[in-house]
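Visitor: Sharing a structure below in structure tokens format, with a few things to ask.
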Amino acid sequence: MAKQLWQPTLSQIEHTQVWQFMQTVNHKYSLNLQEYSQLHEWSVENSEQFWSDIWDSAGVVGDKGREPYLVDGQKMPGARWFPGARLNFAENLLKFRDNRTAILFRNEQGGRQSLSYSDLYASVAQCASALRHLGVGKGDVVAGFLPNLPQTCVAMLAATSLGATWTSCSPDFGFQGVLDRFGQVAPKVLFTVSAYLYNGKRIETLEKSAQLVDALPSVEQLVVIPYIDEYVELSGISKALHWEDFVDTTASEIRFESMAFDDPLYIMYSSGTTGQPKCIVHGIGGTLLQHLKEHQLHTDLRREDTLFYYTTCGWMMWNWLVSGLATGATLMLFDGSPFAPGPRVLWDMAEQESVTIFGTSAKYLAALEKAGFKPRESHNLSQLRTILSTGSPLSNESFEYVYRDIKEDLLLASISGGTDIISCFALGCPILPVYAGELQCRGLGMAVAILDDGGETVVEQKGELVCCAPFPSMPIGFWDDPRQVKYRSAYFDRFENIWAHGDYGEITKQGGLIIHGRSDAVLNPGGVRIGTAEIYRQVEQLGEVLESVCIGQPYRDDTRVVLFVVLREDFRLDDELKMKIRQQILRNTTPRHVPAVIIQVSEIPRTISGKIVELAVRKTVLGEKVNNVEALANPHALELFKNLAELQE
């Protein structure tokens, strides 16, 4: 049995929105639901009523239309939610127009900015009017090549208020990486900055933006937002205007375009490490409903909260974060390195800005622990009540670290889903206990299950993470895929009429979930399936190891496990350390997990959003071509895995 690390009190439980929602459901449908598991079961078996109740309880601005709210509910894909609904995404995020703080912004330099909800509405009105004058509307794409700034939110809200579709890349993408994405979707307007700072270094972006305009004939206007530079010369750049010259300062009202539930809202991108990035199109209503459910019921987000997630605009957690405006909370934005000038930077911000919900990645929490940093000893975190972690599985040791060295009384929610659904399959729940190494629960309204190789549902056994019934935040499709060939191939080829997400997981005895890694990276030595996260968890407990990546290499009609490690400075991989690594793995897993070969490298390749690219490493080791290396933050690291003598036998 997993170790229980936190349990909400009865008083805490009864004050949560999910508990209150359950009482509303009980009263409305004459039920007697007492536990989260019962509420989840009801929400899956009565999904049409459940999502209709989410619309009502969250106070969605718009017309829900008439019943039925779900048509062709047995089809996946093919189900249609709220077919008669009309709404506008931006209107729902701007329904509060008072003087409470909507957005706080800080960067690693110490810069700070604050916008009230009334300020935000006024800024969006001015930007929306300028976009309308350009003819932007439904069917158009507006793109941001931007850091995580308040103006990024303004530009997105302005575009979506007009019914246009928003897409974004963070400025750490290389030129080809951005072109591979924006080049497929033909944006009409491109927002950018001249430069940004990361880890104390100035990084230029204006030249890349100018090249993008030249390479994208669809772009009619390049808008340069002031950030690091108050003013920059634009005379030599085609179609460029300064932000202050672009916005319509006479505008004070927004004319929100009425849109259908499944009209396009966002274009997101797959990592692109196995080919050209897939352009995943998400709808207005599904995104809004799912985020409201996850914020209010699973995270207990309220108006008085300050919600932070460390993210760039190239990661779906930015889209998830911005939806917090629909609840009226304060968004905390941060641009820069989370370790510049040191590990204190985000915790200084959390203390000074009274952050109540702190979102980050498993990699960041592991790095904090490796650095020996203990926020509970250096910071007053009395306001902090929730930490969210995603990006990769959070190890048992990181769970323990949070409760030991950050704060004892809080909800630590490891959450998992992805760009594909712009939300979560499994996440936190404020009325459930926290167990080390486990995601607390499956999301309400999400028919998540684990299937074995034969397609049978299993519990307390590893298998494929799937969703067995439609949900509103499924993509409305892929861009330029009118017959849904790519879309169906991505999720529905493995099991008929079932979404296969590509994660290798396990439902636990207490109803939680463990993610053991990506299905396509599962190792198979001797025919035994092993999730890579099981190995990383053991290896990265060792003080000498900073991080690791594991692959399976074909070897003598079988597969052997090959482990690459990045070590702390002043350590080298000698026979003694290799033995220590192997013993650590053997002691806590099985003999099949023990790597046949261990190799020291100086760096591990990652996507720009920070995820280890096991498939790209495997392809490099096997001498195969890695497609679209522009999708990597550090493509040079792949060179470290080529032609290794240790792997030639």
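Visitor: Ordering Thr250, Thr24 by how much accessible area each has at a 1.4 Å probe, largest first, what is the list?
Guide: These residues rank, largest area first, as Thr250, Thr24.
Visitor: Further question on the same structure: Roughly how far apart, in whole Å, are the Cα centres of segment 226-247 and segment 553-630?
Guide: Cα centroid of segment 226-247 versus Cα centroid of segment 553-630: 46 Å apart.
Visitor: Another question about this same structure. Could you report the accessible area of Leu134 in Å², rounded to 10, computed with a 1.4 Å probe on the protein chains as they sit in the structure?
Guide: Accessible area of Leu134: about 50 Å².
Visitor: How big, on average over all directions, is the shadow cast by the Cα convex hull of segment 186-320, in nm²?
Guide: Taking the Cα atoms of segment 186-320, their convex hull projects to 12.0 nm² on average.
Visitor: Taking H placed 1.01 Å from N in the peptide plane, check which residues at least 5 places from Ala195 or on another chain put their amide H under 5 Å from its amide H.
Guide: Excluding prolines and chain starts, which carry no amide H, the hits are Thr205, Ile228, Asp229.
Visitor: Let me ask something additional. Kindly work out what percent of the DSSP beta bridges joining two residues of the chain are antiparallel, to the nearest 5.
Guide: Bridges in the chain are about 55 percent antiparallel.
Visitor: Rounded to two decimal places and with Rh computed the Kirkwood way over Cα pairs, what is Rg over Rh for segment 88-196?
Guide: Radius of gyration relative to Kirkwood radius: 0.98.
Visitor: Which value at 222 nm does the chain reach when only helices count, each DSSP H run of 4 or more adding -39,500 (n - 2.57), with the total divided by all residues and rounded to the nearest 500 deg cm²/dmol?
Guide: That calculation yields -8000 deg cm²/dmol at 222 nm.
Visitor: Please compute the Cα-Cα pair-distance distribution of segment 177-222 with 10 Å bins starting at 0, giving whole percents from short to long.
Guide: 26, 51, 20, 3
Visitor: Separate question: Just name one of Thr590, Gly610, Val561: the one whose Cα is farthest towards the positive end of the charge dipole of segment 545-618 (beta-carbon charges, Lys/Arg +1, Asp/Glu -1).
Guide: Thr590
Visitor: Next up: How large is the dipole of segment 558-649 about the Cα centre if only Lys and Arg carry +1 and Asp and Glu carry -1, each at its Cβ, rounded to the nearest 20 debye?
Guide: For this selection, approximately 360 debye.
Visitor: Set the bar at 20 Å for Cα to Cα. Now go through Lys138/Lys188; Lys363/Lys625; Lys619/Lys642; Lys3/Lys374 and name every pair that lies beyond it.
Guide: Going by Cα-Cα distance, Lys363/Lys625; Lys3/Lys374 fall outside the 20 Å limit.
Visitor: Continuing with this model, one more query. Write down the percent of antiparallel bridges among all DSSP beta bridges whose residues are both part of segment 491-649, to the nearest 5.
Guide: 80
Visitor: Using a probe of 1.4 angstrom, how much of the accessible area of segment 191-292 is carbon and sulfur, in percent?
Guide: Taking all protein chains in place, segment 191-292 shows 47 percent carbon and sulfur surface.
Visitor: Obtain the radius of gyration and the Kirkwood radius of segment 122-185 from its C-alpha atoms and give Rg over Rh.
Guide: The Rg/Rh ratio comes out at 0.99.
Visitor: ³J(HN,Hα) across segment 445-460 via Karplus (A = 6.51, B = -1.76, C = 1.60, θ = phi - 60°), whole Hz, x for Gly/Pro?
Guide: Karplus-based 3J(HN,Hα) across segment 445-460 equals x, 10, 7, 7, 8, 10, 10, 7, 4, x, x, 9, 5, 10, 10, 6 Hz.
Visitor: Let me ask you something else. Counting only protein chains, not ligands or nucleic acids, how are Glu351, Glu253, Glu547 ordered by accessible area (probe 1.4 Å), most first?
Guide: Putting Glu351, Glu253, Glu547 in descending order of accessible area: Glu253, Glu351, Glu547.
Visitor: Loop only by DSSP, 10 or fewer other Cβ within 10 Å of the Cβ. Give me the trypsin sites (Lys or Arg not before Pro) in segment 587-649 that pass, ordered by residue number.
Guide: Lys625, Lys642
Visitor: Let me ask something else. Residues with beta-carbon under 14 Å from that of Phe175, excluding Phe175: net charge, scoring Lys, Arg +1 and Asp, Glu -1?
Guide: Taking every Cβ under 14 Å from that of Phe175, the sum is -4.
Visitor: Taking the Cα centre of the chain as the origin, how large is its charge dipole in debye, to the nearest 20, when only Lys and Arg (+1) and Asp and Glu (-1) carry charge on their Cβ atoms?
Guide: Its charge dipole is roughly 320 debye.
Visitor: Can you give me the long-range amide H partners of Asp503? Hydrogens built in the peptide plane at 1.01 Å from N, cutoff under 5 Å, separation of 5 or more residues or another chain.
Guide: Residues meeting the criterion, in which the H sits 1.01 Å from N, are Leu465, Ser519.
Visitor: Work out from phi, with θ = phi - 60° and the Karplus expression 6.51 cos²θ - 1.76 cosθ + 1.60, the ³J(HN,Hα) of each residue of segment 250-255, listed in order in whole Hz, and give x for Gly and Pro.
Guide: 8, 7, 9, 10, 10, 9
Visitor: Would you please report the Å³ per residue occupied by the convex hull of the alpha carbon atoms in segment 433-561?
Guide: 162
Visitor: Follow-up question, since we're still on this one. Could you give each residue of segment 201-213 its phi-based ³J(HN,Hα) in whole Hz, using Karplus coefficients 6.51, -1.76, 1.60 with θ = phi - 60°, and x for Gly or Pro?
Guide: Karplus-based 3J(HN,Hα) across segment 201-213 equals 10, 7, 10, 6, 10, 5, 5, 4, 5, 5, 5, 5, 4 Hz.
Visitor: As an exercise, take the mean of 1/r over every pair of distinct alpha carbons in the chain, invert it, and state the Kirkwood radius in angstroms.
Guide: It is 25.4 Å.
Visitor: Using modelled backbone amide H atoms (1.01 Å from N, in-plane), which distant-in-sequence or interchain residues come within less than 5 Å of Ser361's amide H?
Guide: Excluding prolines and chain starts, which carry no amide H, the hits are Thr390.
Visitor: Over the chain, give the accessible area per residue in Å² for a 1.4 Å probe, as an integer.
Guide: Averaged over the residues of the chain, the accessible area is 39 Å².
Visitor: Turning to a different aspect of this structure: Share of segment 64-118's accessible area from carbon and sulfur, percent, 1.4 Å?
Guide: It is 40 percent, rounded to a whole number.
Visitor: Students sometimes get this wrong: rank Thr419, Thr160 by accessible area, probe 1.4 Å, all chains present, largest first.
Guide: Thr419, Thr160
Visitor: Something else now. For segment 492-537, list log₁₀ I(q)/I(0) at each q in 0.15, 0.19 Å⁻¹, using the Debye formula over Cα point scatterers of equal strength and ignoring solvent, two decimals each.
Guide: These q points yield log10 I(q)/I(0) values of -0.46, -0.70.
Visitor: How big is the Cα convex hull of segment 1-65 in projection, averaged over all directions, in nm²?
Guide: About 6.2 nm², averaged over all directions.
The values are calculated or read from the model by the stated rules, or taken from the named source; none is laboratory data. On a predicted model such as this, the values are computed, not experimentally measured, just so you know. Here the Cβ is made from the backbone with ideal geometry for all residues, glycine too, and neighbour counts use every protein chain on show. Note: areas computed on protein heavy atoms with side chains; ligands, DNA, RNA excluded. Shrake-Rupley method; radii C 1.70, N 1.55, O 1.52, S 1.80 Å.
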